[in-house]
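Notes for the one structure printed next.
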Amino acid sequence: MGKASRAKLESTRREKIAAQRAAARRAEQRRRILLASGGVLVVVALVLTFVIIKLNSHGASHGGTSAEVIPPGVGSGTPTVQAPAHQVSNSSGIQGVVEYDTTGWPATSHNGPANEALAHDHVTGPVTYSLTPPVGGQHNAAWMNCGIYDKPVPNERAVHNLEHGAIWITYQPSLPQSEVNALRAFVEKQTTISPGGAAASRYMDLTPYPGLPSPIVVSSWGFQLKVSSPDDPRLQQFVNKFRASSTYTPEYGGPCTGGVGTPLQK
């Protein structure tokens with residue numbers, strides 16, 4: 001890739017991130033307006049309060065503190081089929097990590113053939129990914145709010161989060177509740193960060209994932225690690241290495257807030 005092409009790609013990336021941050025700010029402003037607006041009929045307020053209390057009670061029973069809203073699906077139609085992800089040698093220094101070709105995205109990446117690198121286009125409708133769970137590829141234009149969800153989320157939104165630097169921890173739905181709780185505690189102990197001036201977030205997603213090839217799989221854009229226990233020290237090594245990294249994140253500074261869905265824990 002020539003200097004002019006790299007400069008154009010970087011300019012496009014910056015413009016895209018700026019637009020995403022503006023969208024996140026608008027979403028937050030709408031939320032605040034809704035919270036501040038008055039004049040709601042008392043009976044409606046009472047009904048809403050009752051519903052919220054019931055939802056919060058449900059969330060608390062799962063270790064959460066908010067009324068969870070699973071990010072919406074991306075609709076039906078003919079799926080976009082992802083080209084097979086091209087595996088390359090593990091350069092992470094973390095044993096067991098599987099690395100995939102990300103050349104050109106981020107712009108500084110040159111770890112494999114450019115024509116076999118993970119795609120990063122926005123598409124409408126579903127995507128059939130070549131990996132379970134995916135580590136990158138085409139995805140929906142709307143990302144999801146980062147955090148802990150107790151139900152599966154759309155791949156196409158979680159992949160967008162990976163592009164912004166989020167770490168996605170997935171686990172088999174049959175994982176014992178004690179281990180799910182340990183994973184939640186692991187996520188909750190991570191510090192909030194503001195990469196490139198983005199709104200503060202943990203940049204962590206935790207969700208169950210049916211059909212997972214291992215009890216627990218942790219993913220970032222282009223990197224993945226399978227583990228059998230939440231006590232595996234490599235989980236923290238993976239987070240430290242790849243979470244919102246200026247080296248490994250394609251859209252460093254992209255937001256993890258202002259998207260769709262409401263997690264149990266942010």
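None of the figures in this text is laboratory data; all of them are computed from the coordinates on show. None of these values were measured; they are calculated from a predicted model. Note that we place each Cβ from the backbone using ideal geometry, even for glycine, and neighbour counts take in every protein chain shown.
Numbers for the structure displayed
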item: Whole-number D in µm² s⁻¹ for segment 181-250, Kirkwood Cα-pair radius fed into Stokes-Einstein, 10 °C, 1.306 mPa s; result: 121 µm²/s
item: Qualifying trypsin sites (Lys or Arg not before Pro) in segment 115-206, DSSP loop, other Cβ atoms within 10 Å at most 11; result: Lys189
item: In Hz, Karplus ³J(HN,Hα) per residue of segment 103-120 (6.51, -1.76, 1.60; θ = phi - 60°; x = Gly, Pro); result: 3, x, 8, x, 4, 7, 7, 9, 9, x, x, 4, 7, 10, 6, 4, 6, 9
item: Principal axis dimensions, largest first and in whole angstrom, of segment 122-266 by Cα; result: 35, 32, 27
item: Size of electric dipole in segment 139-259: Cβ of Lys, Arg +1 and of Asp, Glu -1, about Cα centre, debye, nearest 20; result: 120 debye
item: Length added when fully stretched, Gln177-Ser91, from 0.36 nm per residue minus Cα-Cα; result: 27.6 nm
item: Average projection area in nm² (convex hull over Cα atoms of segment 144-225, one quarter of hull surface); result: 5.3 nm²
